[in-house]
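The values are calculated or read from the model by the stated rules, or taken from the named source; none is laboratory data. Remember, it's a predicted structure, so these values are computed and weren't measured experimentally. Here the Cβ is made from the backbone with ideal geometry for all residues, glycine too, and neighbour counts use every protein chain on show.
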Amino acid sequence: MITMTKAFAAARNAGLLCMSVALSWASLNAQITKEDVSKALKVGSLQHPYLFFTEADKPEILRRIQTDPESKSIMEGLLAEGHRFLYVPVKNPPPPRMEHPRYAASGDLHNQYVSELTEGAVKLAFLYQMTGDTRYARKAIEFAVAVCDLDEWVQMAHRFNIIYPRVWPWNVPDDRVVFSYDITTADRAIAMSTVYDWVYPVLTKWERDKMRNGLMEKAILRVRGNYDYQWWATAYRCNWSAICFSGVGMAAFALMKENPEFVDVVGEAYNRIGLTYDQIGDDGAWQEGRGYYGYMMRVSVQFLDAMKRLSGGKYNLFNHKKLVSHPVDFFVYSLTANFADGQGGPVGPTHLLNKLADETGNSTTAWYREKFFGPGSSMFDIFWPRTKVKPVEPEQKSKFFKSVNWAIMRSDFTDPAAVTVACKAGLNDDPHHGHLDIGQFILTWQKIPFIRDLGGMRYDEIYFNEDRYLYPYASSDGHNLIYVNGEKQIVAKLKDKPWIDGLGGNILEFKSSAKRDYALMDPTHAYPGKELKKWRRNIVLEKPVTTLVLDEVDAAPGSKIEARFFPGVATTQGRPGRELRNPLPVGVEYKVMRDHVLLTAQRNTMALVPLVLDNSFEIAEGAVANVTVTEDGQLSWIPYVQTVMTSKAKTSVIATILLPVNDQKEAESVVRTAKITQPNPNQVEVSISRAGEDFKWTFEKEKDGLVLKR
């Protein structure tokens, strides 16, 4: 087995440390050996089931099903599904594998079929454990044997011919060429391990060995002792690492009685998941975004639970300092922050939140679970039921995630009438899921993204190659940014090219109070520096609903400067919303006037009012084109509005005010009050009035640029 010390040395010799990489020495020093695992697990005393619960735990689970309405309802649903699964035929042969599933309009029919068998096998096995009815076990075994009979569990989109051109994330050498195990393999390994654990008493010797064969050939032996040939093995800032190691670790746990030598695999999984957790921010943030953090936690929490229980609590990653202190802060505070390929809505599932609340005792987790989620729907919600930790809403409503340079400004978590502004800076050093969006912001009001992020695109085969930056979803083309003579942001990593350090920007200042939130971003170094020489973006939220964006831009006189904004438009020309992975539930209609833009959705209206200091400007409409490389891909247009001006001096100042209005008439009245002035060479003032309320913001020139003072 390759030890982590050797892996670290290999990384050093490969030049990975030149990428500003710093593996956590705390985790390296705390690593466990196969001898440690063997001593802690007491393999000789293991009796199936033991992965998620034991025979001793079952009476309490069965009592819960009878007495707890939520668990009872889940069980009734599982029984109904189980009845159907009893009569689902196994296809022999299964649907053929598609060479290019992400190109096909129908998707991957083979993968869909195998996923149905996998889901059915797990649910039927659970029903056997809860009812003792061997019909469920026999059908679960039939499904599992069919899954184990497949040549491999790797999805086609992750095989060499498609995945090889992918741009690898942080801490991964460019020469990775082995793709024999992926996140789909991990998911199926966990599922088959679970079925094996739950139907063990019913298995014949042949069936037991057939499932052992599947878990070994398709999962464990593809990576055991050869981990670092897989690209994901050291990709500790990518969710693949924890997911893949959780899969192989759970497979090793399931086979521990027959193959106790697999303690080394369990130890490796524990160590590598710990290294991945080291890359969670001290504030709980995850650079890939909320959805990918949720996926990582949903899968890895299963390994964490098994490791904690089977080691008698000795090896407990729930106590990892990055997890225990802020288990769901990134979920809670970043609601609406639909940045990169992630998502902005509530991230679960419920059983994950139940488990995290119980293991960490975190009251925010309990509140988030109670406030944003309905009843549980999974078997995991039965044996990881609603937490008894007291839910407490965080007093602080806004938050600056310094580790990833995101800031979220709000006055209330749940009041839809209050505006939420999410903004981000950070580095353009995530070629896996990151977008070229430094300086981006999203404005949400009445649960509607009036100014939006496009979010993640429907994946095609080239979305993770360098071509991803041809798509407006990943390119700076599709974001609410500043453009000087059309110059776009650039990425820190291209295929087989060295990393470029320092590309991106920072949130320089963040302040939050009961009446006002303020963020100052400097995205200058996200650009090549040929046209845009400096850009500082000030964002002010006057609570609860008035927002000011003040952009200070340095460029050569005569430069064309554009301040672009994407309204939350749900439909596009061509085939509406075809490329959206998560289509917007509500569309924002917009109307461009001479001196403002009117944004309307569900009888809610907001005015976007641009102001430019000492310069003329126009409000223009535009759209960026997008076509996925898919069988049904068709041209669509993503509309935007923008303030356009030609700079007269080195520094230009553009203000954009966004505030609710009742109608067009009120918008026109409010716009007439809007002003931007320069009382003296070191000050800029912006003001506007609405419904008898006056707003005035004063910015003063400091060494590096304008800063909000009052």
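General remarks:
- Odd one out for Phe318, checked against (1) in contact with a Leu (Cβ under 7 Å, 6 or more places away or on another chain); (2) buried (at least 24 other Cβ atoms within 10 Å of the Cβ); (3) not in a loop (DSSP other than H, G, I, E, B): (2)
- Enumeration of residues in segment 233-282 that are within 15 Å of Lys322 (Cα to Cα) and of a type in the set (Lys, Arg): Arg237, Arg272
- Selection count where residues are under 33 Å from the mean Cα position of the chain (by Cα) and modelled with pLDDT of 50 or more, scope segment 9-48: 6
- Of all the residues in segment 113-148, those that are polar (S, T, N, Q) and either without any contact (Cβ under 8 Å) to a residue 12 or more places away in the chain or not in a helix (DSSP H, G or I) (or both) number 2.
- Condition broken by Pro101, with the remaining ones in (1) farther than 30 Å from Asn259 by Cβ; (2) at pLDDT 95 or above; (3) not in a helix (DSSP H, G or I) satisfied: (2)
- Enumeration of residues in segment 443-461 that are outside any strand (DSSP E or B) and at negative phi: Arg452, Asp453, Leu454, Gly456, Arg458, Tyr459, Asp460, Glu461
For (1) surrounded by fewer than 24 Cβ atoms within 10 Å (Cβ to Cβ); (2) in contact with a Lys or Arg (Cβ under 7 Å, 6 or more places away or on another chain), each residue gets a yes or a no:
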site	(1), (2)
Trp384	no, yes
Lys402	yes, no
Trp406	no, yes
Phe413	yes, yes
Asp429	yes, yes
Met457	yes, yes
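- Strands (runs of 3 or more DSSP E) enclosed by segment 378-427 - at least 2 residues per element that are more than 18 Å from Ile451 (Cα to Cα): 399-401
- Arg603 vs. criteria of a type in the set (Lys, Arg), exposed (fewer than 15 other Cβ atoms within 10 Å of the Cβ), at pLDDT below 95 and out of contact with any Leu (no Cβ under 9 Å at 6 or more places or on another chain): yes
- Any pair with Cβ under 9 angstrom, 6 or more apart, that starts in segment 667-695 at a residue that is assigned by TED's automatic domain parsing to the domain that holds Leu608 and under 21 Å from Leu599 (Cβ atoms) and ends at one that is exposed (fewer than 11 other Cβ atoms within 10 Å of the Cβ) and among the acidic types (Asp, Glu): Thr673/Asp694; Ile688/Asp694
- Of all residues making up segment 336-391, the number that are over 21 Å from the mean Cα position of the chain (by Cα) and over 30 Å from Gly426 (Cα atoms): 22
- Some residue of segment 630-638 being of a type in the set (Ser, Thr, Tyr), over 29 Å from the mean Cα position of the chain (by Cα) and in a loop (DSSP other than H, G, I, E, B): no
- When Gly374, Gly342 are checked against the criterion of being at pLDDT below 95 and not in a helix (DSSP H, G or I), Gly342 stands alone in meeting it.
- The set of residues in segment 499-518 that are in contact (Cβ under 8 Å) with a residue 24 or more places away in the chain, closer than 24 Å to Tyr463 by Cβ and assigned to a loop (DSSP other than H, G, I, E, B) comprises Trp499, Leu503.
- Matching residues in segment 33-53 - criterion: being surrounded by 14 or more Cβ atoms within 10 Å (Cβ to Cβ), of a type in the set (S, T, N, Q) and in a loop (DSSP other than H, G, I, E, B): Thr33
- Of the helices (runs of 4 or more DSSP H) lying entirely inside segment 168-287, the ones with 2 or more residues being surrounded by 24 or more Cβ atoms within 10 Å (Cβ to Cβ), out of contact with any Ser or Thr (no Cβ under 9 Å at 6 or more places or on another chain) and among the polar types (S, T, N, Q) are found at 183-199.
- For segment 59-74, taking the residues that are part of a helix (DSSP H, G or I) and in contact (Cβ under 8 Å) with a residue 40 or more places away in the chain, the one that is surrounded by the most Cβ atoms within 10 Å (Cβ to Cβ) is identified as Ser71.
Conditions tested, residue by residue: (1) of a type outside the set (A, V, I, L, M, F, W, C); (2) more than 23 Å from Arg452 (Cα to Cα); (3) buried (at least 18 other Cβ atoms within 10 Å of the Cβ).
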{"position": "His596", "(1), (2), (3)": "yes, no, yes"}
{"position": "Val612", "(1), (2), (3)": "no, no, yes"}
{"position": "Asn626", "(1), (2), (3)": "yes, no, yes"}
{"position": "Ala667", "(1), (2), (3)": "no, no, yes"}
{"position": "Thr673", "(1), (2), (3)": "yes, yes, no"}
{"position": "Gln678", "(1), (2), (3)": "yes, yes, no"}
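- Per the conditions (1) closer than 19 Å to Glu562 by Cα; (2) part of a loop (DSSP other than H, G, I, E, B), the sole criterion not satisfied by Lys493 is (1).
- Some residue of segment 96-107 being surrounded by 15 or more Cβ atoms within 10 Å (Cβ to Cβ) and within 25 Å of Ala137 (Cβ to Cβ): no
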